[in-house]
Amino acid sequence: MPTLAELREKLKAAREAAAAARAKAVADGATDADRTAYKDALTAAEKALDMVKDAERMEALDAATTRSATAAAGGTDVLERSAAADGRFACARPAEKMSILDEATLMAAASAKSRAFLQAGIAKSPIEILGDEGYERFVKELKDRASANAARRREKTNTTLTSADGGILLPTPNANTIIELLRGENTFLAANPRRVPLIGGQFNQPRGATSSTAGYVGEGMKKPVGSPTFNGISMRAKKIAGIVMVTMEALKWSLADLQAYIRDDLRLTLANNMDLACYFGAGTNYTPLGILNRPNVNAFDASATGAGALFANPKAPTVAELDRVATRMILAITDANIPATSRFAWTMNYHLMRYLADARGANGQYIYPELNTDTPTWKRFRVFVTTQFPSNGGATTDESTLALVDWSNVLYGDEEDITVRTSMEATIDPGTGTLVHLFQQNMMAVLMEAQHDIALNYDQAVSVLRHARWGSLSAS
């Protein structure tokens, strides 16, 4: 292990290297490589400084520990080192009660060593360290104090000391991972829409609108005349982005891999928002128009009343009513000359799915046993289940949506996958009225963004049932 003097020499050399790199980085004609070299040199110098500081603190703690163990205040006698029964030598310790300053010094030294062990992957409490170094009498006194205090409070004495009686010495256990947020399942891309590239941020494809005319005619009669007409599919890149700022100290001092967590969290946040917009997007200048909000999709209303009612009781539809609605949603697509294939799939919330999966006949048998499998299906088509389809919508706050989509007619255009950039020098406006200068404030920012848009070959490839309430947990 290098000595403190050797570490200081390394720090001096690292500082000189950083100064030389800085001179090149700020000179006229400096290149990106020069500026990168300067940042690398600064990082190396900071690491060298941290090593010097750690060595100085450890040297001070060792000196304090030695002084407390070998010199008693006010001429107190010190016991000689003696061999224990197992052959080990116990370190010298005061024969009489130590001063408050000596106790505090021992506590601080043992706590620092415990943290050093923990960083090396060894769990060793300060109490254990004090005992190993020959301070059994001091450890016993701490425990006796804790027992006496607990007795006075008429509480059970725990194996862990109270803070005032030495419990502060015990290191706070921390796992090296961070528990992730709970999120809804993303199903849009999982359903495998047809992916097309956005060239220059756009995609255009002609589409037939009406067909030509043909028919049978008699001798000498005029033949039908007609020409096909056309419209088109147009997609324009919509950008979704997010920035997270974090201090360099948080990255350095966190036991968990905070930077990896931030990247994963931001990526999943973008993915969740994109998934929601692809289904329910409003279609403004900056957001996609969701496939369920297209003007000509096959729309059904579960809350309809009177002659057009789909359900007598929307919260408790009968099996016959459910079958009839499912058939109407399927036929709405196939009647538009879109053949039913394995690319058809349902998407629904857990409330709707569980109501269907739990439905039983007169003899207790499941009506739709295919829903109680690892890959559920309904009416022969795959079922995607997600909380991205809310269960608390509408005026009654318990409405949801059921969708049937022919995914072979769904287009997903992307210009690029999620891109990630980091910066320690940018100036950022977080929207609070105060600019954040990353370099000056010793911070780092992570930026993620993606650009995409969606379209349908034919709006009739989608059937959507809105205001569905079956499976609701509300009382009314």
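The values are calculated or read from the model by the stated rules, or taken from the named source; none is laboratory data. The model shown is predicted, which means the values in this text are computed figures rather than measured ones. Because the Cβ atoms are built from the backbone with ideal geometry, glycine has one as well, and the counts that use them run over all protein chains shown. Just the protein is used for accessible areas: all its heavy atoms, side chains included, with ligands, DNA and RNA removed. Shrake-Rupley method; radii C 1.70, N 1.55, O 1.52, S 1.80 Å.
Table for the structure above
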{"quantity": "Unique match (being at pLDDT 80 or above and either more than 26 Å from E249 (Cα to Cα) or part of a helix (DSSP H, G or I) (or both)) among A17, A27, A55", "calculated": "A17"}
{"quantity": "Any pair with Cβ under 6 angstrom, 6 or more apart, that starts in the range 47-70 at a residue that is exposed (fewer than 13 other Cβ atoms within 10 Å of the Cβ) and ends at one that is modelled with pLDDT under 70", "calculated": "T70/A92"}
{"quantity": "Answer from G394, G471, G413, G431 - the residue that is open to solvent by less than 40 Å² (accessible area, probe 1.4 Å), at positive phi and of a type outside the set (D, E, K, R)", "calculated": "G471"}
{"quantity": "From the options M444, M424, residue that is closer than 30 Å to L42 by Cα, surrounded by 20 or more Cβ atoms within 10 Å (Cβ to Cβ), in contact with a helix residue (DSSP H, G or I) (Cβ under 8 Å, 6 or more places away or on another chain) and of a type outside the set (D, E)", "calculated": "M444"}
{"quantity": "Members of the range 397-410 found to be surrounded by fewer than 20 Cβ atoms within 10 Å (Cβ to Cβ) and within 16 Å of A461 (Cβ to Cβ), listed by number", "calculated": "S408"}
{"quantity": "Any hit, the range 197-208, residues being aliphatic (A, V, I, L, M) and either within 15 Å of G413 (Cβ to Cβ) or surrounded by 11 or more Cβ atoms within 10 Å (Cβ to Cβ) (or both)", "calculated": "yes"}
{"quantity": "R324 being basic (K, R) and out of contact with any strand residue (DSSP E or B) (no Cβ under 8 Å at 6 or more places or on another chain)", "calculated": "yes"}
{"quantity": "Tabulated pairs, the range 434-451, first closer than 11 Å to M245 by Cβ and without any contact (Cβ under 8 Å) to a residue 60 or more places away in the chain, second open to solvent by less than 30 Å² (accessible area, probe 1.4 Å) and not aromatic (F, W, Y), C-beta under 8 angstrom, 6+ apart or interchain", "calculated": "none"}
{"quantity": "Check on R360, open to solvent by 20 Å² or more (accessible area, probe 1.4 Å) and at pLDDT 95 or above", "calculated": "no"}
{"quantity": "Hits in the range 282-304 - residues which are under 18 Å from F384 (Cβ atoms) and outside any helix (DSSP H, G or I)", "calculated": "G290, V297"}
{"quantity": "Test: residue in the range 379-388 that is under 28 Å from L189 (Cβ atoms), modelled with pLDDT under 95 and either charged (D, E, K, R) or open to solvent by 70 Å² or more (accessible area, probe 1.4 Å) (or both)", "calculated": "yes"}
{"quantity": "Search result, residues across the range 1-13 that are open to solvent by less than 100 Å² (accessible area, probe 1.4 Å), part of a helix (DSSP H, G or I) and at pLDDT below 85", "calculated": "L4, A5, E6, L7, L11"}
{"quantity": "Unique match (being under 30 Å from D335 (Cβ atoms), at pLDDT below 85 and small (G, A, S)) among A209, A304, A260, A214", "calculated": "A209"}
{"quantity": "Pair list, Cβ under 8 Å, 6 or more apart: the range 270-283 residue within 14 Å of A403 (Cβ to Cβ), other residue part of a helix (DSSP H, G or I) and modelled with pLDDT under 95", "calculated": "D275/L189"}
{"quantity": "Enumeration of residues in the range 231-245 that are among the basic types (K, R) and either open to solvent by 60 Å² or more (accessible area, probe 1.4 Å) or at pLDDT below 90 (or both)", "calculated": "R236, K239"}
